[in-house]
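Here is the structure we will look at.
We did not get these values from a lab; they are worked out from the coordinates using the rules stated. Note that the structure is predicted; figures quoted are calculated from it, not measured. In this analysis, Cβ positions are derived from the backbone assuming ideal geometry, glycine residues included, and neighbour counts consider all displayed protein chains.
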């Protein structure tokens, strides 16, 4: 197998851009990725694009060719959808195509336009990541689902709202220097605990925002990188995906994520690493409790101990294994289809040393964890610096 | 590379089933595919699912895990969307995963629920396969787009409505014995020419129906087939995909489909075949003119000569290269997300000799052509009988 190198990354600022179309956002991210990669658009052999709610937010399907065009590329293009894990799913098939010699140069990424729907509209649109027949029609939305997961966690393993508040505070701290982040401001414990409840025990600061934004990656084979003398020191060395029953009521334990466990196991085996090798992680903290579950699945914390990781400083920028140095979904924002690719963009910048938080990482192996729904889908990637 | 064998296929009847959910339809198709394959569900390593308009028709995204569950499988699951080529795009990545040894057993397919939207609602939902900003808001729907393509064809190469009528008559004839087809009845030339116009020069019988239905395939590696002594004589030996600008107004020629040309070229190169080797084809005849364009891209007819192929009997069941022996989208029906996988299911049955039209094929190499939108996406697969 050949290496899969990250030749270039591009991100729009994440935030409130209701007037910008999906294609506008993705065109900007792709332009930055091509400039960063120093790869001509004409070399791109295919485009994979992650998007979740374009049918509802923009009355637009068939976004693959539309986004290829926006990026200035004429090539086969497919849209991938795995709820909030859409662009990581797109990255995964790109990795498989490149490492097996099927492709040398691919554009992959994602975008989401959400704020034009308003908060209620976006919340309703997000709900289609749950089971429409058995969850959505019963009134379930994602804040409610993750609140159930948080309650189950507290009952089984202990912990409480104050522990979760430290996850939010940490991720806001991490975003302070990240110019692409939706929120570049610190929050205090009282801010979190006194915030309006969203769905008990989760409050406003336990929840990621609704965001517009795009992310793009130019991935190339090791042979292409060398033949073209590219500076592409970061490789995607492992990919894993797990699946679970769709509805929360079908899970054996509300505070466990077997799809994420499986994705991590497969990605680590693939890369030939162990959890102990992980120096930093970007994880899917759509709600603070989700980060806790994610780091347990990744083996960064033992089961039942993830809840105290942020509070004890283990996952902060000056901790042993910093988590969500970008700010995470919580502070960087969560334009759904962009999130998975954006994690890889942030980690690449971190490993290359051109991220404001690069200095926090002691090691050259990092992981990205992108989950869909209540973790009925999960995709994990391992990134490493190649000598 | 290892062989990719079609171990089992399953199809629901295509037609008017407004009360059946997408998961109900896909569960039925998958059950048939597993029974046909004699492969245990527990061996399935991942699920790829094509669907186009689930967000609009069922208020349901994140259908990957939902459909895996419906099929009785717990495995990573992703939804693929490339408009009407959604499930062929899903098949393509499955082929890449298996032939490179990444996977041994995969479930792939697709489904669409459409008739619950009504004709106007389904037509509006289908329109999201076009460019919402520049085509849909200007009033363009797909019958109108394909009517423009037909007019451009007539002006450039000649031919007329009567030629197209023979495409419709042929495909209705082919469907007569196909129990899964939406229409099992012959039509006469006058029926077609006297039918109500849909968008000049296309009339009612130039257009495929709106359909509900599902298709599923169990694909396995050659090693798995042999180790488990499966009867799986048909292999997918070539895959190709092409892309084009999204909006019709950006095309150089309205009566040419470069994305299909490219998909065919890649698939043929991949399989090591030439157009002359093709003994039969299933092509994307969403409108009669689309079949004409498709057979020209596939090299079954020369450019400008596809228009007369059905009338002259070249592509009929008793012709040299029968096209759409299933009845095609025109008579078999077109549940969008199911169509690409259903073409492969039909061709597999044809090659195995257990299809009512198996006797029409003189050869062991066939192709499937599945297009999205006005062929901004196209995926072609080559199937061959393995000794």
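The mean of 1/r over all distinct Cα pairs in the protein assembly as shown, once inverted, gives the Kirkwood hydrodynamic radius of 25.8 Å. Taking 0.36 nm per residue of separation and subtracting the Cα-Cα distance, full extension of the segment from residue B:193 to residue B:231 would add 9.1 nm. Counting neighbouring beta carbons within 10 Å and listing from fewest to most, the residues A:311, B:265, B:48 come out as B:265, A:311, B:48. Estimated from helices alone, the mean residue ellipticity of chain A at 222 nm is -10500 deg cm²/dmol (sum of -39500 (n - 2.57) over DSSP H runs with n ≥ 4, per residue).
Remark: label point of residue B:45 defined 7 Å out from Cα along the Cα-Cβ vector; separations to the same position in other copies 2.1 nm, ascending.
With label points defined 7 Å past Cα in the direction of Cβ, position residue A:139 shows copy-to-copy spacings of 4.6 nm, given to one decimal and shortest first.
Quick check on the range A:1-82: take the gyration tensor over C-alpha atoms, sort the square-rooted eigenvalues as a ≥ b ≥ c, and tell me if it's rounded (a/c under 1.5), prolate or oblate. In terms of gyration-tensor shape, prolate.
For chain A, a Kirkwood radius taken over Cα pairs fed into Stokes-Einstein (25 °C, viscosity 0.890 mPa s) yields D = 122 µm²/s. Could you state the angle between the C-alpha long axis of helix A:22-37 and the longest principal axis of the C-alpha atoms of chain A, as a value from 0 to 90 degrees rounded to the nearest 10? Value to nearest ten degrees: 60. Treating the angle as unsigned and between 0 and 90°, give the value, to the nearest 10°, between the Cα long axis of helix B:86-99 and the longest Cα principal axis of chain B. For helix B:86-99, the angle is close to 40 degrees. For chain A, the longest principal axis of the Cα atoms and the long axis of helix A:336-352 meet at an angle of about 70 degrees. Distances, shortest first, from the label point of residue A:116 to those at the same position in the other copies read 2.7 nm; the point lies 7 Å along Cα to C-beta.
Of the beta bridges in chain A, as assigned by DSSP with both residues counted there, near 75 percent are antiparallel. Here, P(r) means the percent of Cα pairs in each 10 Å bin from 0 to the largest distance; for the range B:89-195 it is 11, 21, 34, 25, 8, 0.
Using only the alpha carbons of the range A:293-387, what is the convex hull's orientation-averaged projected area in square nanometres? Let's see the in-between values first.
On the way: hull surface 25.3 nm².
The orientation-averaged projected area of the Cα hull of the range A:293-387 comes to 6.3 nm².
Centroid-to-centroid, using Cα positions, the range B:323-387 and the range A:313-329 are 52 Å apart. Summed over all non-identical Cα pairs, the Kirkwood treatment of the range B:121-184 gives a radius of 14.1 Å. Taken as Cα centroids, the range A:84-110 and the range A:195-241 sit 13 Å apart, rounded to the nearest whole angstrom.
At a 10 Å Cβ-Cβ cut-off, how would you order B:128, A:98, B:187, fewest neighbours first?
Details: B:128 23, A:98 27, B:187 19.
Fewest-to-most Cβ neighbours within 10 Å comes out as B:187, B:128, A:98.
Taking other Cβ atoms within 10 Å as a rough exposure proxy, B:268, B:153 sort from fewest to most as B:268, B:153. Please say if the range A:140-297 is rounded, prolate or oblate, where rounded means a/c under 1.5 for a ≥ b ≥ c the square roots of the C-alpha gyration tensor eigenvalues, and otherwise the choice is prolate for a/b larger than b/c and oblate otherwise? Verdict is oblate for the range A:140-297.
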